[in-house]
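Just below is one structure, and these are the notes that go with it.
The values are calculated or read from the model by the stated rules, or taken from the named source; none is laboratory data. In this text, all values refer to a predicted model and were calculated from it rather than measured experimentally. Glycine also receives a Cβ, built like all others from the backbone with ideal geometry; neighbour counts cover every protein chain displayed.
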Amino acid sequence: MKLIDALNWRYATKKMNGQKVPQEKLDYILEAIRLSPSSSGLQPYEIIVITNQDLLEKIKAIGWNQSQITDCSHLLVFAAWDGYSLEKITKVFDRTLAERGLPANTMDDYKKTLWGLYEPLPAEWHANHAARQAYIALGVALVAAAEQQVDATPMEGFIPEELDKILGLKEKGLKSAVILPLGYRDEANDWLVNMKKVRTPKEKFVSEIK
């Protein structure tokens, strides 16, 4: 599908039919997420892929009982770092330099500048900034899923602290940011499936400064 056609096809699916997404399509979406841009290339988040039905039931209970959580094929949890540290930044930069075959000290000045900006900022800023990077990847995931004609419904409707407990994220230095069920629409039971897609008209949405 062409990109605009794919985006017109997709919608926030309200009912999924439990059909499994083929592994190659899931891998494609996950690779698109992995290739997503992030601030300074740090990728301060991880993706947790859940198919265990008992675990999905627990998540549904703290997710406003939204049926997509248990009727999806795979649930993706975007878990962001709970904060930045010099150690974390160094680890990412070291890997980047090693893979590019560059001297280990190539990014020392940039790393010093970056950490100098981040270190004084409060923990809340750190967590929010990392979560925003995860949202960039979420957008890429939605586009990749649409391209593969896999339905995807981004969800903030859950209790993050409870999901963190269920998945043991605090111990890993992570916080759940957003979740994304992947699957296929239940056309017979989804009230939104045939509704017209409505967006702000271009003339009211886009302004140009020349």
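Can you find a residue in segment 34-46 that is of a type outside the set (A, V, I, L, M, F, W, C), within 24 Å of R10 (Cα to Cα), touching a Lys or Arg at 6+ places or on another chain (Cβ under 6 Å) and outside any loop (DSSP other than H, G, I, E, B)?
No: zero hits.
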query: Taking segment 142-162 as the search range and keeping residues that are more than 15 Å from the chain's Cα centre (by Cα) and of a type in the set (A, V, I, L, M, F, W, C), which one is farthest from D82 (Cα to Cα)?
result: V150
message: Six or more apart or on different chains, Cβ atoms under 9 Å: show the pairs whose first residue is in segment 31-59 and touching a residue at least 60 places away in the same chain (Cβ under 8 Å) and more than 20 Å from E161 (Cβ to Cβ) and whose second is of a type in the set (S, T, N, Q) and not in a loop (DSSP other than H, G, I, E, B).
response: S36/Q133; P37/Q133; S38/Q133; S39/Q133; L42/Q133; Q43/Q133
message: Residues that are in a helix (DSSP H, G or I) and touching an Asp or Glu at 6+ places or on another chain (Cβ under 9 Å): does segment 96-111 have at least one?
response: no
message: Checking the conditions here, which among L26, L76 is part of a strand (DSSP E or B), over 25 Å from Y118 (Cβ atoms) and touching a residue at least 40 places away in the same chain (Cβ under 8 Å)?
response: L76
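Residues to consider are Y135, Y118; find the one that is more than 16 Å from K88 (Cβ to Cβ) and either surrounded by 13 or more Cβ atoms within 10 Å (Cβ to Cβ) or modelled with pLDDT under 95 (or both). Full working, then the answer.
Values: Y118 fails: more than 16 Å from K88 (Cβ to Cβ).
Result of the check over Y135, Y118: Y135.
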task: Test P103 against the stated conditions and say whether it is modelled with pLDDT of 95 or more, loosely packed, with under 14 Cβ neighbours inside 10 Å and not polar (S, T, N, Q).
output: yes
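In segment 156-210, which residues are of a type in the set (G, A, S), touching a residue at least 24 places away in the same chain (Cβ under 8 Å), closer than 23 Å to G139 by Cα and part of a loop (DSSP other than H, G, I, E, B)? Lay out the reasoning, then the answer.
If we filter segment 156-210 for residues that are of a type in the set (G, A, S), which is where we start, we get 157, 168, 173, 176-177, 183, 188, 207.
Then drop every residue that is not touching a residue at least 24 places away in the same chain (Cβ under 8 Å), which leaves 157, 173, 176-177, 183.
Imposing the further condition that a residue be closer than 23 Å to G139 by Cα reduces the set to 157, 176-177, 183.
Hit for segment 156-210 is G157, nothing else.
Any idea which of T70, T51, T113 is over 30 Å from D186 (Cα atoms) and either in contact with a Gly (Cβ under 9 Å, 6 or more places away or on another chain) or hydroxyl-bearing (S, T, Y) (or both)?
Numbers: T70 fails: over 30 Å from D186 (Cα atoms); T51 fails: over 30 Å from D186 (Cα atoms).
Within the list T70, T51, T113, the selection yields T113.
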